[in-house]
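Okay, so here's the structure we're looking at.
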Amino acid sequence: MVQPPIRLLIRGVACEPLSDSINPGEPRPPLRGASPETVKSSHATRGAAFQNVVSGTARRCWAVLGPASKWRANTPRWWPPGPTISRAAGFGPRWPRRSQACRTPSAWAMNGRGLTGAAAPKLLAVSDLHVGFPENRAIVADLRPESAGDWLLVAGDVGEIIGDIEWALRMLSERFAVVVWVPGNHELWTHRKDPVLLRGKPRYRHLVELCRSLGVITPEDPFPVWDGAGGPVTIAPLFVLYDYTFLPAGAATQAAGLARAHEAGVVCADEVMLHPDPYPSREAWCRARVETTARRLAALDPGAPTILVNHFPLVREPTRVLRYPEFALWCGTTATADWHVRFRAAAVVYGHLHIPRTTWHDGVRFEEVSWGYPREWRLRGAAPGPPRQILPDRGRVGC
Ligand SMILES: [Fe+2]
Ligand SMILES: [Fe+2]
């Protein structure tokens, strides 16, 4: 028997921004099912609720964590790598060498995958697949490229359980010419139902090695170059996390912002599921990632345009429409505010907000490409569509 206070609290600690309404002018509704008294509960009580999430004893943990999968695909590789794909010499991921498929995507036509290659190859993007939900898993199972040369950018939150993540990325890597992945906060959770209980950086490294075994490109690998229509452009998968600097209105410091979020009952589940080991805090991990990543981006050819791919938005503006503005604390860092200009982005791809749309900042196209949870996309009136086309550029659309 689940006690009502726990059920309500877990609704109050949603792991995502509850973004089923993005109208910034709309009055902020109360958390569904929660009275003002219950969402303004004490820290101690909220800690108990988190424990119930982690232990799985709270019924509403389903909504927060998604169902744990006991199923893994056992589909044989139905397209063995052909002569145009080869593993980088010795160490590293398996993906087409630039001198082969990357340079001439049309060479991927007629490769035995049932695709004729008649359609021009596209650079596509998607995020927040959340395959722990059966509805989303079914859509992923049907996801196929239009062209044998299509690339797919996967901007995080594939799932929480390593087996689920592997299932999805394996399938996608067998279907798309190139798959590029960056971690979302959900991949970095240490979930009690996951046989892999690694935390923090060791978990991230484990995911990187998993991707490499599947031929999926990660933020730790050489940046690939898209030479298809709209290219050449360097694809830069990033992992820079967040550091609580997207402060809610009225909060002058991170501590004040977090206090405000706790008071409002809008606290990301990362606080107990995403461990920063060996760093002392998530913001320290973020700081290290920002420094390393900025150095790497600065070393690129200063004449080369980029596509920046990160789970979290690189600028603050897209978070202004969150229904619960306190959630912005877990959505990025102000340290990346000028990266789209500084590193010559032709486009920025991100997810996490579960508010799929296109926006423009300093003339740069920002694509939020998330699917989100079934309860969210049902409210939008349609199941997630095909991945978003990033290149070739379809012209100025969006807001
Ligand atoms: Fe997500
Ligand atoms: Fe996320």
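FYI, it's all coordinate maths here, none of it is from the lab. The model shown is predicted, which means the values in this text are computed figures rather than measured ones. Cβ coordinates were reconstructed from backbone atoms using ideal geometry, including for glycine residues, and neighbour counts include every protein chain displayed.
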For LEU379, placing the label point 7 angstrom along Cα-to-beta-carbon and taking segment 311-348, residues whose amide nitrogen sits under 13 Å are 322-325
Correct semi-axes for segment 112-199, from √(5λ) of the alpha-carbon gyration tensor and rounded to whole Å with the largest first, are 27, 12, 10
Quick check: from the Cα gyration tensor, does segment 195-264 come out rounded (a/c under 1.5), prolate or oblate? oblate
If the chain between THR358 and ARG320 were fully extended at 0.36 nm per residue, the gain over the current Cα-Cα distance would be 12.3 nm
Could you give me D for segment 254-351, from Stokes-Einstein at 4 °C and 1.567 mPa s, where the hydrodynamic radius is the Kirkwood radius over C-alpha pairs? Units µm² s⁻¹, please. 86 µm²/s
Convex hull of Cα atoms in segment 289-337, direction-averaged projection (nm²): 4.0 nm²
Using a Förster distance of 25 Å, the FRET efficiency for GLU263-THR292 (Cβ separation, nearest 0.05): 0.15
Tell me, TYR324, TYR244 in order of fewest to most beta-carbon neighbours within 10 Å? TYR324, TYR244
Reduced Cα scattering model of segment 167-290, Debye log10 I(q)/I(0), q = 0.15 Å⁻¹: -0.83
What's the FRET efficiency of ASP338 with ASP227 using the Cβ-Cβ distance as r and R₀ = 35 Å, to the nearest 0.05? 0.80
What whole number of Å gives the distance from the Cα centroid of segment 272-287 to the Cα centroid of segment 143-214? 20 Å
